[in-house]
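Worksheet for the structure shown next.
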Protein chains: 2
Amino acid sequence: MDYYKNRTLTFENSYIIEGYTVAGPKENDGRYKGFFDLALNDDMFGQNTFERAERKMFEHAIDGVIGKANLENGDVDAVLGGDLLNQNVSMSFSARKQHAGFLGLYNACATYAESLIVGSCLVSNGYENVVCVAGSHFSTAERQYRYPLELGVLRSPVTQWTATGVGATVLSNQSAVGVPKITRATIGRVVDYGIMDVNNMGAAMAPSACDTLVTFFRDTNACPDDYDVIYTGDLGKLGSDILLDLARQEGCDISSKQHDCGASLYWDEQQTYQGGSGAACSALVFNSVLLGRLRRGEYKKILLLGTGALMSPTTSFQGDSIPAITHLVEVCI
Amino acid sequence: MDYYKNRTLTFENSYIIEGYTVAGPKENDGRYKGFFDLALNDDMFGQNTFERAERKMFEHAIDGVIGKANLENGDVDAVLGGDLLNQNVSMSFSARKQHAGFLGLYNACATYAESLIVGSCLVSNGYENVVCVAGSHFSTAERQYRYPLELGVLRSPVTQWTATGVGATVLSNQSAVGVPKITRATIGRVVDYGIMDVNNMGAAMAPSACDTLVTFFRDTNACPDDYDVIYTGDLGKLGSDILLDLARQEGCDISSKQHDCGASLYWDEQQTYQGGSGAACSALVFNSVLLGRLRRGEYKKILLLGTGALMSPTTSFQGDSIPAITHLVEVCI
């Protein structure tokens with residue numbers, strides 16, 4: 001047996017003060033219609049490129065969550081997070097508008113969960129307010145990772161649909177009434193089961209989700225029944241099924257608790273096949289639906305597992321498999 | 001005057017246990033010849049692509065620093081850092097070999113300083129040992145950011161040369177005798193002076209270096225004379241001159257203290273024009289030269305400023321300017 005080291009962090013004062021979401025048109029036609037703070041009619045968002053539209057979504061989400069939390073820009077110590085574009089440019093360029101410090105993060109679609117963990121470390125080290133943010137845009141991701149949109153390439157039935165949206169969260173070390181808090185978190189390790197099919201990212205990510213979940217339960221002696229729900233990021237339907245199987249093999253039945261932000265984002269008739277993917281999935285669903293249910297006491301204790309596939313087009317062209325990572329965050333009210 | 005908020009973090013227990021460097025052939029022909037733990041004769045490092053060579057450099061640096069610190073892989077709680085490739089793949093793929101958790105970071109050439117700050121937060125929050133790592137490779141960066149190498153494009157005199165190398169550091173919350181520690185750090189904000197010339201990154205980054213340096217001095221009431229040296233990451237010669245001018249305008253004369261990792265990396269006859277650039281610069285120079293001088297007591301207190309330019313080829317093609325960021329770390333023995 002491998003030498004065992006507890007990788008789960010504990011936080012005393014990481015309060016989730018506010019969340020804000022900007023969603024694309026297709027996302028607001030989905031299952032969570034009306035849950036988002038700002039829903040776009042047009043995914044160009046008044047810009048002349050998709051990349052600038054994505055950037056503007058980030059700017060709106062950051063300013064939006066600061067305003068909704070009744071803070072001024074100057075009250076924020078740091079903005080941290082990322083997107084899926086090369087060199088993290090949606091995030092970096094949108095951070096220009098802030099006085100706050102900036103940390104660029106990249107763990108693909110696990111970036112939102114990563115930002116909550118690093119943000120919790122910052123507020124535990126003396127920062128008062130930080131903004132954690134992540135997002136993605138279908139049209140920028142599609143042309144960067146896959147094909148020009150104009151080519152109209154037929155999609156495989158195992159694919160997912162990159163969600164358009166940005167979710168932002170204010171974390172603070174200042175408590176307030178009825179505010180959920182991040183109590184524990186497990187930083188995932190990189191897991192690679194040798195999956196080569198870039199259309200099937202759910203299969204690549206499911207083993208890493210299982211690894212982090214089992215690690216967390218082992219580190220904390222917690223079990224699935226301790227939680228109202230366990231939300232994964234963007235495993236999609238197929239990836240979720242694989243996770244349930246793998247977890248069962250580890251003696252851990254989460255079938256009655258597990259939901260997937262990506263798989264639940266769209267209606268079947270929206271033809272996304274396995275559901276949504278992208279850094280937006282967990283950021284959108286957490287900051288709208290889950291945060292609302294926590295605040296209303298419908299959920300008392302949940303797990304969010306951000307799942308990410310860490311390949312690039314270059315690594316796939318060069319014949320490499322798809323490494324994956326999952327970060328876990330425990331949120332309680 | 002803007003509302004003012006102190007952005008400088010203080011760390012009690014962030015010890016720099018060990019550093020390890022892997023340097024390319026041109027780098028080991030430069031001013032720091034013989035200072036590196038592993039110097040490559042060939043920048044392909046026995047691989048069939050430059051990207052795989054870069055990945056292997058990361059793997060060697062991570063394993064190297066863990067071994068040099070007399071740790072086992074299982075003793076490390078997290079590996080964190082990044083590179084310059086799209087989707088951070090050199091870092092992510094090399095992290096597959098570790099049992100540790102992984103956080104992918106991206107602040108361009110400021111990533112090494114970013115990793116020291118996030119790593120210090122992690123060891124302050126209960127992690128025992130973390131590995132902070134960053135690097136770059138001339139031949140992967142050149143073809144991703146600029147032109148195919150085979151094209152033989154003439155370089156502008158304001159350009160810098162992307163350094164080939166990886167530097168890795170073990171941070172620990174366990175003290176030991178004669179070990180330097182990270183005592184304070186300032187997370188920089190994104191500063192954009194509207195520079196459009198992607199060949200002149202020193203000019204784009206110098207204002208951000210000045211901003212973070214002045215912020216740190218304001219936050220801490222420290223002054224340049226408190227430090228033996230102030231090392232910037234990769235401003236290059238021209239960028240360093242601009243920083244000295246800008247700092248002087250802020251009433252801060254650092255001309256007798258400032259050195260630049262990139263500018264000092266090569267001899268003039270190596271024809272790098274303004275010196276080295278890339279995430280490797282600060283990671284290489286800190287983990288070889290500076291760490292050695294700190295341990296021998298030649299330096300008692302230094303500042304390291306990681307400087308990064310946050311554009312991508314896409315943003316430059318779309319007519320955007322170059323945002324920049326600088327993170328500052330104070331190291332004392």
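The values are calculated or read from the model by the stated rules, or taken from the named source; none is laboratory data. This is a predicted model, so every value here is computed, not measured. Please note: Cβ atoms are built from the backbone with ideal geometry, for glycine as well, and neighbour counts cover all protein chains shown.
Of all residues in segment A:1-47, those being over 25 Å from A:V331 (Cα atoms) and of a type in the set (A, V, I, L, M, F, W, C) number 5. Report, by residue number, each residue of segment B:123-166 that is under 26 Å from A:L85 (Cβ atoms) and in a loop (DSSP other than H, G, I, E, B). Scanning segment B:123-166 gives B:H137, B:R146, B:Y147, B:P148, B:V153, B:T159, B:Q160, B:A163, B:T164. Looking for something touching a residue at least 24 places away in the same chain (Cβ under 8 Å) and among the hydroxyl-bearing types (S, T, Y) - is there at least one such residue anywhere in segment B:237-249? Yes; the residues of segment B:237-249 include at least one that is touching a residue at least 24 places away in the same chain (Cβ under 8 Å) and among the hydroxyl-bearing types (S, T, Y). With respect to the stated conditions, B:G178 fails to be more than 13 Å from chain A (Cβ to nearest Cβ) and surrounded by 22 or more Cβ atoms within 10 Å (Cβ to Cβ).
Entry remark, segment B:37-59: residues being surrounded by 24 or more Cβ atoms within 10 Å (Cβ to Cβ) and more than 14 Å from chain A (Cβ to nearest Cβ) number 1 in total.
One residue stands out in segment A:311-325 among those that are touching a helix residue (DSSP H, G or I) at 6+ places or on another chain (Cβ under 9 Å) and in a loop (DSSP other than H, G, I, E, B): the one that is nearest to the other protein chains (Cβ to nearest Cβ), namely A:S312. Which one is nearest to the chain's Cα centre (by Cα) among residues in segment A:167-184 that are within 28 Å of A:E27 (Cα to Cα) and not in a loop (DSSP other than H, G, I, E, B)? It comes out as A:G167. Take segment B:187-202 and flag every residue that is surrounded by fewer than 22 Cβ atoms within 10 Å (Cβ to Cβ) and touching a helix residue (DSSP H, G or I) at 6+ places or on another chain (Cβ under 6 Å). Answer for segment B:187-202, where residues must be surrounded by fewer than 22 Cβ atoms within 10 Å (Cβ to Cβ) and touching a helix residue (DSSP H, G or I) at 6+ places or on another chain (Cβ under 6 Å): B:V191, B:Y193, B:I195, B:V198.
Note on segment A:69-84: among residues that are surrounded by fewer than 24 Cβ atoms within 10 Å (Cβ to Cβ) and in contact (Cβ under 8 Å) with a residue 60 or more places away in the chain, the one that is nearest to the other protein chains (Cβ to nearest Cβ) is A:L71. Sub-6 Å Cβ pairs linking a first residue in segment A:259-276 that is closer than 12 Å to A:Y32 by Cα to a second residue that is among the acidic types (D, E), at least 6 apart or interchain, are A:G262/A:D234, ordered by first then second residue.
Residues in segment B:1-36 that are within 14 Å of another protein chain (Cβ to nearest Cβ), in contact with a Gly (Cβ under 9 Å, 6 or more places away or on another chain) and over 26 Å from B:S120 (Cβ atoms) were compared, and the one that is modelled with the lowest pLDDT is B:D2. Among the residues of segment B:85-117 satisfying the criterion of being part of a helix (DSSP H, G or I), at the interface with chain A (Cβ under 8 Å from one of its Cβ atoms) and in contact with a Lys or Arg (Cβ under 8 Å, 6 or more places away or on another chain), which is surrounded by the fewest Cβ atoms within 10 Å (Cβ to Cβ)? Among them, the one singled out is B:V89.
Got a sec? Which of A:E27, A:E12, A:E51 is in contact (Cβ under 8 Å) with a residue 40 or more places away in the chain and closer than 30 Å to B:G74 by Cα?
A:E12 is the lone residue from the list that is in contact (Cβ under 8 Å) with a residue 40 or more places away in the chain and closer than 30 Å to B:G74 by Cα.
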